Amino acid sequence: MARIKEGAFIEIPLANGKFSYGRILGKASYAFYNIYSDSRITDIDFIRSSKVIFNVGVYNHAITKNRWKTIGVSELEEGIKKIPLAFIQDDFELNQFEIYDPNTGAMRPAKKAECIGLERAAVWEPEHVEERIVDYFEGRPNKWFESLKIKG
């Protein structure tokens, strides 16, 4: 069984035969890079220098069940260490929001306007992340991302 290691670079095989890459940030959070390749990439520095397109929480079984393979590990750089804030919206009171800081676990009340542009606090299935990556590069809306947008 593969282990979750903060700073690990991961290779993500996609259903269409392409590859993408990410990084384990810790606290169940992952960063996904602007890489959509027909062939495998082993150059960690190339991956590290690529832009991050989104960060989300992902279930551990993406790694522990070897769906995504670790291809290298290095200490997280300052620019990627801080996991972005996320929002929480009450399912019944759609005007009630909170901001969640995954770095500290702290939550605070928030206005809807503060939540715009943030990811919803959620843990994603690896196959849903893979679909989101393909949709991103193919220029299509992603049903999983759309379902997590602010309601109301």
Q. Only one of (1) exposed (fewer than 13 other Cβ atoms within 10 Å of the Cβ); (2) without any contact (Cβ under 8 Å) to a residue 24 or more places away in the chain is not met by Y100, so which one is it?
A. (1)
Q) Taking N16, is it of a type outside the set (A, V, I, L, M), over 15 Å from the mean Cα position of the chain (by Cα) and open to solvent by less than 80 Å² (accessible area, probe 1.4 Å)? A) yes
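Any residue that is of a type in the set (V, I, T), open to solvent by less than 70 Å² (accessible area, probe 1.4 Å) and either in contact with a Pro (Cβ under 7 Å, 6 or more places away or on another chain) or part of a strand (DSSP E or B) (or both) - is there at least one of those in the stretch 24-43? Walk me through it before giving the result.
Filtering the stretch 24-43 for residues of a type in the set (V, I, T) gives 24, 35, 41-42.
Filter once more, so that each one left must be open to solvent by less than 70 Å² (accessible area, probe 1.4 Å): 24, 35, 41.
Checking which are either in contact with a Pro (Cβ under 7 Å, 6 or more places away or on another chain) or part of a strand (DSSP E or B) (or both) leaves us with 24.
Yes - at least one qualifying residue is present in the stretch 24-43.
Select, from A113, A121, the only residue that is among the hydrophobic types (A, V, I, L, M, F, W, C), open to solvent by 70 Å² or more (accessible area, probe 1.4 Å), out of contact with any Lys or Arg (no Cβ under 7 Å at 6 or more places or on another chain) and at negative phi. Before you say what the answer is, go through the steps one by one.
Numbers: A121 fails: open to solvent by 70 Å² or more (accessible area, probe 1.4 Å).
So the residue among A113, A121 that is among the hydrophobic types (A, V, I, L, M, F, W, C), open to solvent by 70 Å² or more (accessible area, probe 1.4 Å), out of contact with any Lys or Arg (no Cβ under 7 Å at 6 or more places or on another chain) and at negative phi is A113.
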(Q) For the stretch 45-97, give me each residue that is among the polar types (S, T, N, Q), closer than 25 Å to A110 by Cα and open to solvent by 70 Å² or more (accessible area, probe 1.4 Å). (A) N95, Q96
Q: Report, by residue number, each residue of the stretch 95-134 that is under 24 Å from G22 (Cα atoms) and assigned to a helix (DSSP H, G or I).
A: P126, E127, H128, V129, E130, E131, R132, I133, V134
Q | Index of the failed condition, E6 passing every other in (1) surrounded by fewer than 14 Cβ atoms within 10 Å (Cβ to Cβ); (2) part of a loop (DSSP other than H, G, I, E, B); (3) not hydrophobic (A, V, I, L, M, F, W, C) | A | (1)
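Looking at F137, F92, F87 in this structure, which one is assigned to a loop (DSSP other than H, G, I, E, B) and of a type in the set (F, W, Y)?
On the way: F137 fails: assigned to a loop (DSSP other than H, G, I, E, B); F87 fails: assigned to a loop (DSSP other than H, G, I, E, B).
None of the others qualify; the one that does is F92.
The values are calculated or read from the model by the stated rules, or taken from the named source; none is laboratory data. This is a predicted model, so every value here is computed, not measured. Here Cβ is always computed from backbone atoms with ideal geometry, including for glycine, and neighbour counts include all displayed protein chains. Heads up: the accessible areas ignore ligands, DNA and RNA and are worked out on the full protein's heavy atoms, side chains in. Shrake-Rupley method; radii C 1.70, N 1.55, O 1.52, S 1.80 Å.
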